[in-house]
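The values are calculated or read from the model by the stated rules, or taken from the named source; none is laboratory data. Predicted model only: the values in this text are computed from it and were never measured. Glycine gets a Cβ as well: all are built from the backbone with ideal geometry, and neighbour counts include every protein chain shown. For accessibility, only protein heavy atoms count, side chains too; no ligands or nucleic acids. Shrake-Rupley method; radii C 1.70, N 1.55, O 1.52, S 1.80 Å.
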Amino acid sequence: LVCIDAAKFCATDALDLTQHPADFVSLSLYKIIGYPTGLGALIVRNEVGHLLRKRYFGGGTVEASVSDGSFWRERQELAERLEDGTISFLSICAIRHGFQLLNGLGGIKAVHAHVTALAAYLYTEMTCLRHHNGAQVCWIYGFPEEEGGGEKKG
């Protein structure tokens, strides 16, 4: 089974699941569009959804139950079995506006290009820093755009 925690990655790059297939992918909408907090997604490949079993129930995740806990019947749909309580309708409404804003800025490709440029600028500026005696202030390991990433760079 492959599980990808894509919360941070999806904030600055597009995840192509045809290139990186996974059984489970989690992501945070807050990290992608900046709002709303507490709203994310768990993407589950249909063939492995049956593996997700909760040890408790509540908030509408069962079709029927007996109060002493000796019997309960889970909902049939995976999302209904996993979502506890009332979903945040106001947060869900805000998602559309967040993606409109993101797309207005050029989409995730523009964000990726901007973050890459910032990283390159930071790398250049930090490697130029010197102490009063001329010694380097910092060493940066493995800047991803450099040949032979992982080597110590000046």
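List the longest stretch of the chain that has no exposed loop site; here a site is one of the chymotrypsin sites (Phe, Trp or Tyr not before Pro) assigned by DSSP to anything other than H, G, I, E or B, with at most 13 other Cβ within 10 Å.
Longest site-free region, per DSSP loop and neighbour criteria: 72-138.
With a sphere of radius 15 Å drawn around the Cβ of residue 32, what net charge do the other residues whose Cβ falls strictly inside it have (Lys, Arg +1; Asp, Glu -1)?
Values: positive: 8, 31, 96, 109; negative: 5, 13.
That sum, taken over residues with Cβ under 15 Å, equals +2.
Out of residues 5 or more away from residue 140 or on other chains, whose amide H comes under 5 Å of its own, with H placed 1.01 Å from N in the peptide plane?
For residue 140, whose amide H was placed from the backbone, the distant partners under 5 Å are 153.
Using modelled backbone amide H atoms (1.01 Å from N, in-plane), which distant-in-sequence or interchain residues come within less than 5 Å of residue 74's amide H?
Placed amide hydrogens put 63 under 5 Å from residue 74.
Counting alpha carbon pairs within less than 8 Å and at least 6 residues apart, what relative contact order, in whole percent, applies to the chain?
Details: 181 pairs, mean separation 24.6, N = 154.
It rounds to 16 percent for the chain.
If I build a Gaussian network model for the chain, linking alpha-carbon pairs within less than 10 angstrom, which residue out of 119, 11, 135 has the largest mean-square fluctuation?
It is 135.
Could you please state how large a percent of the accessible area of the chain is carbon and sulfur, counting protein chains only and using a 1.4 Å probe?
After summing per-atom areas, the C and S share lands at 57 percent.
Treating the beta-carbon of each Lys and Arg as +1 and of each Asp and Glu as -1, no other charges, what is the dipole magnitude of the chain about its Cα centre, to the nearest 20 debye?
260
Loop sites only, by DSSP: take the GluC sites (Glu not before Pro) in the chain that have at most 16 other C-beta atoms within 10 Å and name the longest stretch containing none of them.
No qualifying site falls inside 1-76, the longest such stretch.
With springs only between Cα atoms under 10 Å, which of 85, 134, 40 fluctuates most in a Gaussian network model of the chain?
134
Angle, helix 107-128 long axis vs. longest principal axis of the chain, Cα atoms, 0 to 90°, nearest 10?
Approximately 40 degrees, to the nearest ten.
Looking only at 44, 25, 62, which one moves most when the chain is put into a Gaussian network model with springs between Cα atoms under 10 Å?
Among 44, 25, 62, the largest GNM mean-square fluctuation belongs to 62.
Percent relative contact order of the stretch 59-126, based on C-alpha pairs within less than 8 angstrom and at least six residues apart?
Once normalised by length, the contact order is 22 percent.
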